[in-house]
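Read the structure below first, then the notes.
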Amino acid sequence: MRQHTIRGMIVFSIIMSSVLPVNILAEEETMPEITENEGSGSSEYTNVTPVDIHRLYNKRTGEHFYTPNAGEKDALVKYGWRYEGTGWVAPSVSSAPVYRLYNWRAGEHHFTMNAVERDKLVSLGWNDEGIGWYSDTQKTVPIYREFNPRKKKCNHNFTSSLPEHTKLVSLGWRDEGTAWYGLKAGTPIVIVEPEKETYSYKVIYYSQRDSRWARKKYGRYYFGNTGCGVTSISMCVTAVLGREVRPDTVADYLYSIGSYSQPNHHGTTGKSRLHAAKHWNINCELLLTYADLRKALEDGKVISMAVRGQTEFMTNKGSHGLTLYGYKDGKTFVYDPWNQNKNAWYSLDYLWRIRSHVPADLDAGPEIVFAFWEK
């Protein structure tokens, strides 16, 4: 969509498409202060009329979108966007334009009055879609700008509603001040709770003792004896990518970079999870608290962790890698690479209590619990 005109299904397929997210300047830098011409105002234009700025929401991507074009609004509603009413009322013309940009890689729009921010985003690959609407130079109604630091894309919100602005900031959104001004506020919108981003994967079980790779030797060690951590990582990567990434494929890579079955240690370390995630271009986060682990499971992320030895999962000393997925009634489902008969629902409290404290497992931080999910 460009210049506020509808150009058929091809245009709208761009908005609705799912593409890889990218980090943008607008996420990281403080918004430059808005400056306007001294003494300017809507009254300097003779043909100023109020224009409704329509607000829509895409539940799939989490993007809020704004447009003065009723035809564009109707077309998006047809394609599944939720219409949320009039965001605010803008002047039909003023000396303070609001620019509209589109990031085709992330599938999101951004809006700004600041020409420096616009030009920087264009230099990073964003499409300049021209003027979206105009700001009221009399500064009648502030339009607030918020940023969600927990999301990598579709993470800005613009609203004339002070209650909505205050609620989002209380929920962890960053207050980025006043973006521009409207002639009057739109439909009152109060967000009780933002919709949570969740993930859904299918975990494929792998055994470290599978004959296809159990007798492969890495350094001095057979995979069947030391491949629990690698197999756990393989299950996570396979689930997130939705395609097979075999345990021996993960082992080959980690061994090649010195992160698996080296002379100074056998098996994987905590950093092996981070190395694998970076190599296969997925997210991986170290979970530092029990609350973090529970939330990651509730959000649908796949977990790789190591538990200490001399437990029901491993009788000798050392540690053992497991894959966790799903959460209900205080339990999560465990996939045990060594013994398929152990695959079952276990108390999350119990698993947290027996997490490994082996030094090699803690080279990435104070815990050995990692969440994997898509970028």
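Provide the FRET efficiency to the nearest 0.05 for the Lys216-Lys59 pair, computing r from the beta carbons and using R0 = 35 Å. Efficiency, from the Cβ-Cβ distance: 0.20.
Working note: Karplus 6.51/-1.76/1.60 with θ = phi - 60° gives the range 148-160 the couplings 9, x, 7, 10, 8, 8, 6, 10, 10, 9, 10, 8, 8 Hz, where Gly and Pro are set to x.
Both the radius of gyration and Dmax for the range 104-164 are 13.1, 36 Å, in that order, over alpha-carbon atoms. Using only Cα positions of the range 89-128, each an equal point scatterer, no hydration layer, compute I(q)/I(0) via Debye at q = 0.19, 0.35 Å⁻¹ and quote the log10 values to two decimals. For the range 89-128, the Cα-only Debye profile gives -0.56, -1.19. From the Kirkwood radius over Cα pairs of the range 62-124, Stokes-Einstein at 10 °C and 1.306 mPa s returns a whole-number translational diffusion coefficient of 118 µm²/s.
Of Tyr83, Ala96, Thr140, whose Cα points farthest to the positive end of the dipole of the range 78-207 (charges on the beta-carbon: +1 Lys, Arg; -1 Asp, Glu; origin at the Cα centre)? Among Tyr83, Ala96, Thr140, the one farthest towards the positive end of the dipole of the range 78-207 is Tyr83. Here the chain was treated as a single set of alpha-carbon atoms; its pair distances binned every 10 Å from 0 give 5, 21, 25, 17, 15, 11, 5, 1, 0 percent.
For the residues Glu129, Glu312, a 1.4 Å probe over the protein chains yields an accessible-area ranking, largest first, of Glu312, Glu129. With the Kirkwood sum run over all distinct C-alpha pairs, the range 327-375 has a hydrodynamic radius of 12.6 Å.
Placing +1 on the Cβ of every Lys and Arg and -1 on the Cβ of every Asp and Glu, with no other charges, gives the range 63-172 a dipole of roughly 380 debye about its Cα centre. Here's the picture: charge each Lys and Arg Cβ at +1 and each Asp and Glu Cβ at -1 in the chain, and of Gly130, Gly62, Thr112 the one pushed furthest to the positive end of that dipole is Gly62.
Only protein heavy atoms count here; under a 1.4 Å probe, His279 has an accessible surface of about 90 Å². Taking a sphere under 14 Å around the Cβ of Ala277 and counting the other residues whose Cβ falls inside, with K and R at +1 and D and E at -1, yields a net charge of +3. Heavy-atom accessible area for Lys271, with the other protein chains in place and a 1.4 Å probe, reaches approximately 90 Å². Evaluated with a Cβ-only charge set (Lys, Arg +1; Asp, Glu -1), the chain carries a dipole of roughly 1900 debye about its Cα centre, given to the nearest 20. Rg then Dmax, both in Å and based on the Cα atoms of the range 233-375: 14.0, 43. I want to verify the translational diffusion coefficient of the range 109-214 in µm²/s; compute it with Stokes-Einstein, Rh as the Kirkwood radius over Cα pairs, at 25 °C and 0.890 mPa s. Using the Kirkwood radius from Cα pairs, D works out to 144 µm²/s. If Rh is defined by the Kirkwood formula over all Cα pairs and Rg also comes from Cα, what ratio Rg/Rh do you get for the range 148-281? Answer for the range 148-281: 1.27. Measuring against 28 Å, Cα to Cα, the residue pairs Lys217/Lys331; Lys73/Lys202; Lys217/Lys342 contain Lys217/Lys331; Lys73/Lys202 as the ones spanning a longer distance. Extension gain, Asp363-Lys278: 0.36 nm per intervening residue step, less the Cα-Cα distance, totals 28.9 nm.
Note on Leu241 and Asn341: with the Förster distance fixed at 30 Å, the Cβ-Cβ geometry gives a FRET efficiency of about 0.65. Once Rg and the Kirkwood radius are both taken over the C-alpha atoms of the range 280-325, their ratio Rg/Rh works out to 1.04.
The values are calculated or read from the model by the stated rules, or taken from the named source; none is laboratory data. What you see is a predicted model; the values in this text were computed from it and never measured. No Cβ is skipped: glycine too gets one built from the backbone with ideal geometry, and neighbour counts run over all protein chains shown. Accessible surface is based on the protein model in full, side chains and every heavy atom, while ligands, DNA and RNA are left aside. Shrake-Rupley method; radii C 1.70, N 1.55, O 1.52, S 1.80 Å.
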